[in-house]
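Accompanying notes for the structure given below.
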Amino acid sequence: MKKIISLSVLCLIIMASSSLRLSAGTGTGSGNDKSTLLTTHNNLIKTIAESNFLSDQALLKKRHSSKKGPKILAGIQGGYTISIVTGVLEHRSIGSRYNMGIFGVYMIDQKLGFQLDLNLETKGFTIKTTYADVPPSYDVKQNIVLTYITIPVMVKYFLGGSNHFYVNGGPCIGILNKAVNTISSTIPGSQSSDNDIKSSMNSTDFGFSFGCGYTYPVLESGSFDANIFCDLRLTTGLNNIYKDATLYNLKNQSGSVKLGVMIGIK
């Protein structure tokens, strides 16, 4: 607004200056008075031009400085996880479950930050065994569901000038909250049963998470902003999920897609 007013004043001064020059050309007024007025108007024009330039420079400096320095980001996220186990195990299949959680990010600058998640994530797999020794043959299916509280600690880096795309990665620990094996069979008259197998599983699952994502701003207001985002992540487990390695030696592998809302405070 100040800039518009300054420009308006500048236009009036230029018009007045033009009138003075015109008057000077027609011989109206003394030469000294005309010269003094012209000098005064020229000085005013120069002063306002310099003022506008300094004002623009200050605004640019303010905008530039507001993008620097530490910034705290926090939000909620949720989505879907597809998981499987690796190891010597026949007739296993992929499991798919939900995930949800909260997170915080400490941005050192515009590009680089550190992210800490606290997620409730369900993983699992299915084992199908066919018994054909004694006719008639039948199948037994074990649907194993493992629920973890996962805590990834990751480095986050934004790409490009717009800072919409990012990559992240770092170590992850999963704390086993629940483990259930649902057994069912094709034997006529049989019923499925849920069995608690938490005591047979390792209580922690160490691994590494890495992925990428895209953020889209929906609100920007001074030192506060809000974004929606989509995050794609892969997690590979490093230790056996079973306590007894002679029984099974299996490691969790999963991929997830997360949608969420992220709020930033400078």
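The values are calculated or read from the model by the stated rules, or taken from the named source; none is laboratory data. Keep in mind it's a predicted model, so treat the numbers as computed, not measured. Positions of Cβ are backbone-derived with ideal geometry, glycine not excepted, and every protein chain shown enters the neighbour counts.
Values as computed for the structure displayed
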item	result
Flag if T236 is of a type outside the set (A, V, I, L, M, F, W, C), loosely packed, with under 14 Cβ neighbours inside 10 Å and without any contact (Cβ under 8 Å) to a residue 60 or more places away in the chain	no
Filtered residues of the range 244-266 (kept if under 27 Å from the mean Cα position of the chain (by Cα) and of a type outside the set (A, V, I, L, M, F, W, C))	N252, Q253, S254, G255, S256, K258, G260, G264, K266
Residue in the range 223-233 that is surrounded by 15 or more Cβ atoms within 10 Å (Cβ to Cβ), among the hydroxyl-bearing types (S, T, Y) and assigned by TED's automatic domain parsing to the domain that holds I173 present	no
Evaluation of L247 against (1) under 19 Å from Y98 (Cα atoms); (2) in contact with a helix residue (DSSP H, G or I) (Cβ under 9 Å, 6 or more places away or on another chain) (one fails), failing number	(1)
Where a residue in the range 104-116 is among the polar types (S, T, N, Q) and its partner, wherever it lies, is at pLDDT below 95, with Cβ under 6 Å and at least six apart	Q110/K67
Index of the failed condition, Q191 passing every other in (1) outside any strand (DSSP E or B); (2) free of Cβ contacts under 8 Å to residues at least 12 places away in the same chain; (3) within 26 Å of the chain's Cα centre (by Cα)	(3)
